[in-house]
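*Asks:* Attaching a single structure in structure tokens format; questions to follow.
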Amino acid sequence: MTMAPDRVRTRLPEISTRAWEHPADRTALVALRSLSGFDTVLRALSGLLRERQHRLMYLATAVRVDDRQFRTLHQLRADCVGVLDAQTTPEMFVLQDPSVNAFTIGMDKPFIVLTTGLLELMDAEELRFVVGHELGHALSGHAVYRTMLMHLMRLSASVGWMPVGGWALRAIVAALMEWSRKSELSGDRAGLLCCQDVEASVRVHMKTAGGAWLHEMNHGAFLDQADDYLRSGDLRDGVLKLLNLELQSHPFSVLRAAELRRWIQSGEYERVLGGSYPRRDQDKNARISEEVKDATRHYRESFDQSEDLLVRTVRDLGRDVGSAVNTVGHEVGRTVSDLGKRFDDWRKN
């Protein structure tokens, strides 16, 4: 693996993580950061993410990246840290594993792990995007919510048989899964800001979807797939799309590339490179209410613009939303009442 000829990349001094965080991701993180001591309590209660134990494991079984080992990755990491003006440099390890993967572990001192399968698949500029993606996770502190998600998934498996509690817990898990998918979109934006190469960012998703045969793939055709996915199908396909995503912590590769394209087309990417972005010293003034509005606006715009037949049908039904809400509310109320009566009868017997 050799480094591509370097070029000047725009540095982003004092940039806040809010600049690249997806609205839904940013809302959750701003709320979390406002709860003083919450992450400390979570760490104290959690035996799942044994950070020190994991680091020792990788220290013993993987190769630590530095100026003597995997120097190319060491330089890529330094470049990404410089572009995002990160105040710390996370450790990085290369793990012998044929699967294509990269992940970030840890709350206090996050570190990045890249597999050899990933290194063998990507070129230097594509790896710059991947390293920037993982650095974005580390700087945003995504490990806190990921730990919560792991806990709740474990809990939902053990109490899933409970009629009411199980439903409520599944709803929370589904919401956190949705957050997890949006946090990956945040990471992709951080990766693009680091590499500042749109073609390379799309190639990463093309390779994770189709492997090393990049010469047999086409950038435009790959993005057309996302348009076909979003437009095509009947009501049954709309439901199947929701079911396919239900327990996915990551968005699908084709859709990630399309979402990154959407962010670029919105003009936000160019605005950030032009210096128009939130600074870290403004983070303490970030208000949850404003972030909620941004997230709501994003989902509303996605809903209004969607070509999916299921979404269009729901949107059309929404023209008579008052009647629809009353009908649905009546049906839900009657169903819950029936369940309550059955439960009482079962208990008496």
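Readers should treat all values here as calculations from the given coordinates under stated rules, not as data from a laboratory. This is a predicted model, so every value here is computed, not measured. Here Cβ is always computed from backbone atoms with ideal geometry, including for glycine, and neighbour counts include all displayed protein chains.
*Asks:* Using a 7 Å offset from the Cα along the Cα-to-Cβ direction at both Ser276 and Lys109, what is the distance between the two label points in nm, to one decimal?
*Replies:* A separation of 4.1 nm, rounded to one decimal place.
*Asks:* How much net charge surrounds Leu84 when only the other residues with a Cβ under 13 Å from the Cβ of Leu84 are counted, with Lys and Arg +1 and Asp and Glu -1?
*Replies:* +3
*Asks:* Separate question: Could you order the peptides 66-72, 137-143, 120-126 from most to least packed, using the average number of other C-beta atoms within 10 Å per residue?
*Replies:* Taking the mean over residues of other Cβ atoms within 10 Å, the ranking is 137-143, 120-126, 66-72.
*Asks:* A follow-up question, please. With labels modelled as points extended 7 Å from the Cα through the Cβ direction, what inter-label distance (nm, one decimal) is found for His54 paired with Ile264?
*Replies:* Between His54 and Ile264, the simple spin-label model gives 3.1 nm.
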